[in-house]
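The values are calculated or read from the model by the stated rules, or taken from the named source; none is laboratory data. Just so you know, these numbers come straight off a predicted model, no measurement behind them. Ideal geometry is used to build each Cβ from the backbone, glycine not excepted, and the neighbour counts take in all protein chains shown.
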Amino acid sequence: MNDASAQPEIHHLAPPHSFIRKHVFSLDHKVIGLQYYGLALAAVFIGMVLSWLMRLHLGWTSLAIPGLQHFSQNGAPGGVITPEYYLSLMTMHGTIMIFFVLTNAPFSGFGNYFLPIQIGAEDMAFPRFNMMSFWVTFVAFLVLIAAFFVHDGPPISGWTAYPTLSSIGKDAGPGEAMGQNLWAVSIALFCIGQLLGSLNFIATTLDLRTKGMTLARMPLSTWAWFITACIGLLAFADLLPATILLILDRTAGTSFFNPAGLVVSDTLQPHSGGSPLLWQHLFWFFGHPEVYIAIVPGLGIISHILPAFIRKPLLGGMRVMVGCMIAIGFLSYMVWGHHMFVSGMNPFSAILFSVPTLIITIPNTVAVLIWLGSIYGANLRFTSASLFCLGFISVFISGGISGFFLAQPAIDTYLHATYFVVAHFHFVMAVAAIFGIFAATYFWMPKMIGRMMNETLGKWHFWLTFIGVYCIFMPMHYLGLAGNVRRYATFTDNFLLPLIPVHKFITVAALLTGAAQFIFLYNLFHTRWWGPKAPDNPWEATSLEWSTTSPPPFDNFGGKHPVVYQDAYEYGAEGPQDYVMQTTPGKASAT
Amino acid sequence: MGKVFAVLLVIITLVSVYPIIAHTWWPPPTISTTGPGVDGQMNETMIETGILFLSSQLILAGFVWAFGGRKGKIKHWPGGHKPVVAFGIIIVGLEVLSLSFVGSKVWAAMYMAAPNAQALHVDVQAEQFAFFFRYAGPDGVFGGIHPEKISDATGNYFGLDPENDVAARDDIVVGSLTIPVNTPILLTLHTKDVIHNFYVPELRIQLDIVPGLDIPLHFTATKTGRYEIVCTQLCGLGHYSMRAFLEVMSQSDYDSWLKQQSGD
Amino acid sequence: MASTTYRPAGPAAVPGVAGSGPRAWPGARAATTPKMAATQTGIWVGVCAIFMSFAAFVSALVVREGSSTDWQHLVLPRVLYINTLVLLGSSYTLEACRRRFAIVTRQETEPGGATRVSPLPWLYATIMLGSIFVTGQWLAWRTLAAHGFYLATNPSSSFFYVLTAMHGLHLLGGMAALTYMARRLARSVTSTQASALSATAVYWHFIGLLWIFLFLVMAIRL
């Protein structure tokens, strides 16, 4: 029976002893978080190499890339990328980046590591589910990568996999045989992994908070992970059925998405009555919340890191930023049709979808205004982490602005499927979300591995990347305005030929910016083995992760249960120490 | 460090905005009756978002310059968060409401208005990786489409059955969309394999072509000339090369062209 | 300061201590530690996710039916009606098991009183009814196949197989949970198992309710 006056009994997991239990099949959320991060790191480098290949081909169509023919005999004979292989590279690039990088690192990676610590818990609510979720995700990754090695190559239908290109099978084109099947199975497995993860995050946040850790005192990063888990729970629960139906259409002869009368490669297909638009609805009902799953952790992470480097809490405190994130999460489920304005669906629906799409700009704008207003009057400190926070604000603005255009059907009728869209989603996902990951890495790596990263390298990484991403993605807006259609392997149309020099510029920028990422990679590995030891609280920050050692002990707080007395961002106090940690008893001085 | 960031951001911002103002890369002039509406909407949005973009980036730069490396008493935004939140909600709210209101009208004129009763009907068949266009011919009636008869090998792109279907016998099937200027056109979009898209940048319209659906699309071209119709929905390995020409001719030129086609 | 939420009567909540008191939703009274509270939360969150996925399947069904004229209405095999009753019955037996369990565990703290009431037989009955349901579903499949309706025959039959298969898979998961509980209870019946039993019951009842929902959808629309 519960003795109400005692500390709640916490189920202690026995610390592991074997190498396998410590580092491979670990139940420890910290190890699992690092495993997710490692997977995302491997994935991002693969995805980045794919983008280099794509960009090289776009700038110089007949370029022979030495050695590529050994990787894919059919796809790059003599090292020259074929149009279908370009589409394969593009499909895998998008799939790997969106699923295995942007959903993994900010949410599953950092969230797994820090959510329990930030709420004062020993571990996640369901450690076994947690371990399972990582390994299911890992297997999903292997299944996806296997598509590179099957005879026909990876699928060519884009990460969006629209039927009927994706649902007929090999008649639709190369890569549409085993490659597409592997893709669908991989995504289905990924859904299961994510659902288990979301379950863990939600139960942990609601039930495992330590004494004094009310919801209002949770850091904004924890709020973001919690909200993201809620969004993801419903989103991935919708994608899984969609992939099952796709697999059935491809392999079992059903006709969920395949209508009658299809003649592909001069072969009449046996399906009938299905609706390609059904896939689009199912997919985007997942797909739009998914992009918010990719960015909301970043919003929370930036909102968590920034106060430590401006030495004051955010304007409006917890309520405004949490309100913005909740509003974004809620609205994200109402806007999916804005991907389908010109899809052939009832045009009246376009107007219906564009209203919440335009409204969702409001909480996003408020978040930016809050950050800007918080920097006013601040004592701004410059570290690699804070620079990436400031950079995040800038690129989030840039990415968000293009959203105003695409949200309006009357403008989307011109800009749909052009490089304007590519610019928009790369700015918010490939740039802003990645900046969030970088900021989180520089901020939290000392805590995770107990060593400080090199600040000089970090700053160089920032400057080169910040300039580089603007050089890569800002010109894509102009290409879109000129009507440059996307997903083209080569530009042969008359109106596109004058734009090729811009593509060459972008390619050079992409390669240089990619090269700059090796500074980050080197910094990571150098730190891991030779970095100077990190103190418990190198940034003079307030939240619970900084009240324990770097790295934290097995049960996070060394057998103690932290008790929380303060709100999460008590910065700006007067006196020798301008901050009050959450574990400090007493009333915080007025800020 | 802060000053470097600020200067860099100002440079990036101004360099980014320049090509927009200078129209260095810009949509081609429109040749459609509904085009000006789209362009108007785009310009309006460009101005409003331009102000948002410039002001927010420059404020960020300014604040980083002013407060970077500072070690003093913390100040707070005058008035706290309330004016900031109110500003965001009201200003952006008004902006999006007005854009939405006007934009819906522009959209409706293109895609929701009924086509002109006298519109010239042209049937469009999209396939991997070409467009084909069909005119009804002198009898003014389109023959039926029979998917099982479609064959690229024999050039029967629409699956016509002229032997049994009288109306199909005089249908004209060509590879370019030839139309008279200043005449309402009504296209019916079909595809026999995967999703494609019909896009003419100068017309400012595009619409997916979906297997299993017959989708109407109407417009009126206001300038003669030759324009490119491109596919914008990923349709397979030849997606990048899937193109046809839109030939807008004077009425008399169109009449001669049509007579010539019917004679073949 | 602690957040104030309504808490029904039960062990008093300690302010700020998460999970120290009963939470507002059913089954939660059994939760006396944060981990147990998390189990309760987890099962409800899982139920939401599963329901969402079936909502996706059902909306696909509705759209597919409306998108073409090739829909052929199915007559549902009669055995499905029996299966429904069987599954409802299994919820009853599971609740009987829980009532017995509550009696037994209350007697833990009361002096004296021999315990001859065991929850285990009712749990075995639930598992048996679950197995009968699965068999019945398989029979339904056989009936349809005998009439020439396979997975790809018609969109209506496609959805029949997909919905029943997906439901069946989740039900098998529930059976695994029931079997696991049976093994635990066979070793000993203690109050610390209340939370796990409660979570299993929530899941099992949900599978039953889900079946009723799917059955109605299929009866009306298929």
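Residue check: is residue A:143 over 30 Å from residue A:223 (Cα atoms), assigned to a helix (DSSP H, G or I) and touching a Ser or Thr at 6+ places or on another chain (Cβ under 7 Å)?
Working: over 30 Å from residue A:223 (Cα atoms): yes; assigned to a helix (DSSP H, G or I): yes; touching a Ser or Thr at 6+ places or on another chain (Cβ under 7 Å): yes.
Yes, satisfied.
Could you pull out the residue among C:86, C:62, C:58 that is within 14 Å of chain A (Cβ to nearest Cβ), touching a residue at least 12 places away in the same chain (Cβ under 8 Å) and crowded, with 16+ Cβ neighbours inside 10 Å? Lay out the reasoning, then the answer.
On the way: C:86 fails: within 14 Å of chain A (Cβ to nearest Cβ); C:62 fails: crowded, with 16+ Cβ neighbours inside 10 Å.
The unique qualifying residue is C:58.
Can you spot a residue in the stretch B:120-131 that is in contact (Cβ under 8 Å) with a residue 40 or more places away in the chain, of a type in the set (Phe, Trp, Tyr), more than 9 Å from chain A (Cβ to nearest Cβ) and surrounded by 21 or more Cβ atoms within 10 Å (Cβ to Cβ)? Don't jump to the end; show me each part of the working.
If we filter the stretch B:120-131 for residues that are in contact (Cβ under 8 Å) with a residue 40 or more places away in the chain, which is where we start, we get B:120-131.
Cutting the leftovers down to of a type in the set (Phe, Trp, Tyr) gives us B:129, B:131.
The next check asks that each one be more than 9 Å from chain A (Cβ to nearest Cβ); those that pass are B:129, B:131.
When the remaining residues are screened for being surrounded by 21 or more Cβ atoms within 10 Å (Cβ to Cβ), the result is B:131.
Within the stretch B:120-131 (the criterion being in contact (Cβ under 8 Å) with a residue 40 or more places away in the chain, of a type in the set (Phe, Trp, Tyr), more than 9 Å from chain A (Cβ to nearest Cβ) and surrounded by 21 or more Cβ atoms within 10 Å (Cβ to Cβ)), the answer is yes, since at least one residue qualifies.
Among the residues that make up the stretch A:357-367, is at least one of them farther than 30 Å from residue B:206 by Cβ, out of contact with any strand residue (DSSP E or B) (no Cβ under 9 Å at 6 or more places or on another chain) and either within 7 Å of chain B (Cβ to nearest Cβ) or touching a residue at least 60 places away in the same chain (Cβ under 8 Å) (or both)?
Yes, some residue in the stretch A:357-367 is farther than 30 Å from residue B:206 by Cβ, out of contact with any strand residue (DSSP E or B) (no Cβ under 9 Å at 6 or more places or on another chain) and either within 7 Å of chain B (Cβ to nearest Cβ) or touching a residue at least 60 places away in the same chain (Cβ under 8 Å) (or both).
Out of all the residues in the stretch A:121-128, is one or more in contact (Cβ under 8 Å) with a residue 12 or more places away in the chain and either surrounded by fewer than 18 Cβ atoms within 10 Å (Cβ to Cβ) or more than 30 Å from residue A:304 (Cα to Cα) (or both)?
Quick first cut of the stretch A:121-128, residues in contact (Cβ under 8 Å) with a residue 12 or more places away in the chain only: A:121-128.
Okay, now just the ones that are also either surrounded by fewer than 18 Cβ atoms within 10 Å (Cβ to Cβ) or more than 30 Å from residue A:304 (Cα to Cα) (or both), so A:128.
Yes: the stretch A:121-128 contains one or more residues that are in contact (Cβ under 8 Å) with a residue 12 or more places away in the chain and either surrounded by fewer than 18 Cβ atoms within 10 Å (Cβ to Cβ) or more than 30 Å from residue A:304 (Cα to Cα) (or both).
Does residue A:374 satisfy being touching a Pro at 6+ places or on another chain (Cβ under 8 Å), surrounded by 24 or more Cβ atoms within 10 Å (Cβ to Cβ) and either polar (S, T, N, Q) or at pLDDT below 95 (or both)?
Details: touching a Pro at 6+ places or on another chain (Cβ under 8 Å): yes; surrounded by 24 or more Cβ atoms within 10 Å (Cβ to Cβ): yes; either polar (S, T, N, Q) or at pLDDT below 95 (or both): yes.
Taking the combined requirement at face value, the residue satisfies it.
Out of all the residues in the stretch A:447-484, which are on the phi < 0 side of the Ramachandran plot and out of contact with any helix residue (DSSP H, G or I) (no Cβ under 8 Å at 6 or more places or on another chain)?
Start the filter on the stretch A:447-484 by keeping residues that are on the phi < 0 side of the Ramachandran plot, which leaves A:447-449, A:451-482, A:484.
If the condition is that a residue be on the phi < 0 side of the Ramachandran plot and out of contact with any helix residue (DSSP H, G or I) (no Cβ under 8 Å at 6 or more places or on another chain), then A:456 is the only one that fits.
Checking residue B:37 against (1) surrounded by 19 or more Cβ atoms within 10 Å (Cβ to Cβ); (2) of a type outside the set (D, E, K, R); (3) without any contact (Cβ under 8 Å) to a residue 12 or more places away in the chain, which single condition isn't satisfied?
(3)
Take residue B:194 and tell me if it is out of contact with any Asp or Glu (no Cβ under 6 Å at 6 or more places or on another chain), closer than 18 Å to residue B:231 by Cα and either within 14 Å of chain A (Cβ to nearest Cβ) or charged (D, E, K, R) (or both).
On the way: out of contact with any Asp or Glu (no Cβ under 6 Å at 6 or more places or on another chain): yes; closer than 18 Å to residue B:231 by Cα: yes; either within 14 Å of chain A (Cβ to nearest Cβ) or charged (D, E, K, R) (or both): yes.
Taking the combined requirement at face value, the residue satisfies it.
Could you identify the single residue in A:382, A:438, A:466, A:462 that is touching a His at 6+ places or on another chain (Cβ under 8 Å), aromatic (Phe, Trp, Tyr) and either farther than 22 Å from residue B:10 by Cβ or within 10 Å of chain B (Cβ to nearest Cβ) (or both)? Give the steps one after another, and end with the answer.
Values: A:382 fails: touching a His at 6+ places or on another chain (Cβ under 8 Å); A:466 fails: touching a His at 6+ places or on another chain (Cβ under 8 Å); A:462 fails: touching a His at 6+ places or on another chain (Cβ under 8 Å).
On inspection, the qualifying residue turns out to be A:438.
Is it the case that the stretch A:500-516 has a residue that's crowded, with 24+ Cβ neighbours inside 10 Å, in contact with a His (Cβ under 9 Å, 6 or more places away or on another chain) and among the small types (Gly, Ala, Ser)?
Among the residues of the stretch A:500-516, not one is crowded, with 24+ Cβ neighbours inside 10 Å, in contact with a His (Cβ under 9 Å, 6 or more places away or on another chain) and among the small types (Gly, Ala, Ser), which makes the answer no.
What number of residues within the stretch C:21-45 satisfy the criterion of being modelled with pLDDT of 55 or more and assigned to a loop (DSSP other than H, G, I, E, B)?
3
Which is modelled with pLDDT under 95 and within 14 Å of chain A (Cβ to nearest Cβ), of C:165, C:152? Show your work before the answer.
Numbers: C:165 fails: modelled with pLDDT under 95.
Residue meeting the stated conditions: C:152.
Only one of (1) surrounded by 22 or more Cβ atoms within 10 Å (Cβ to Cβ); (2) among the charged types (D, E, K, R); (3) within 9 Å of another protein chain (Cβ to nearest Cβ) is not met by residue A:250, so which one is it?
Result: residue A:250 passes all but (3).
Just for the stretch B:208-239: of the residues that are in contact with an Asp or Glu (Cβ under 7 Å, 6 or more places away or on another chain) and more than 7 Å from chain A (Cβ to nearest Cβ), which one is surrounded by the fewest Cβ atoms within 10 Å (Cβ to Cβ)?
B:226
Given the conditions (1) more than 7 Å from chain A (Cβ to nearest Cβ); (2) over 30 Å from residue A:177 (Cβ atoms), and given that residue B:205 satisfies all but one, which numbered condition is not satisfied?
(1)
Exactly one condition in (1) under 24 Å from residue A:165 (Cβ atoms); (2) surrounded by fewer than 17 Cβ atoms within 10 Å (Cβ to Cβ); (3) touching a residue at least 24 places away in the same chain (Cβ under 8 Å); (4) more than 7 Å from chain A (Cβ to nearest Cβ) is false for residue B:152; which is it?
(4)
Of everything in the stretch B:9-47, what is under 26 Å from residue A:466 (Cβ atoms), more than 7 Å from chain A (Cβ to nearest Cβ) and assigned to a helix (DSSP H, G or I)? Give them in sequence order. Steps first, answer last, please.
Within the stretch B:9-47, the first condition is being under 26 Å from residue A:466 (Cβ atoms), and the residues that meet it are B:9-22, B:24-25, B:46.
In the following step, the residues that additionally are more than 7 Å from chain A (Cβ to nearest Cβ) were identified as B:10-11, B:13-15, B:17-18, B:20-22, B:46.
Those that are under 26 Å from residue A:466 (Cβ atoms), more than 7 Å from chain A (Cβ to nearest Cβ) and assigned to a helix (DSSP H, G or I): B:10, B:11, B:13, B:14, B:15, B:17, B:18, B:20, B:21, B:46.
Okay, residues lined up against (1) out of contact with any Leu (no Cβ under 8 Å at 6 or more places or on another chain); (2) in a helix (DSSP H, G or I); (3) within 14 Å of chain B (Cβ to nearest Cβ):
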{"position": "A:174", "(1), (2), (3)": "no, no, yes"}
{"position": "A:187", "(1), (2), (3)": "no, yes, no"}
{"position": "A:196", "(1), (2), (3)": "yes, yes, no"}
{"position": "A:200", "(1), (2), (3)": "yes, yes, no"}
{"position": "A:203", "(1), (2), (3)": "yes, yes, no"}
{"position": "A:235", "(1), (2), (3)": "yes, yes, no"}
{"position": "A:280", "(1), (2), (3)": "yes, yes, yes"}
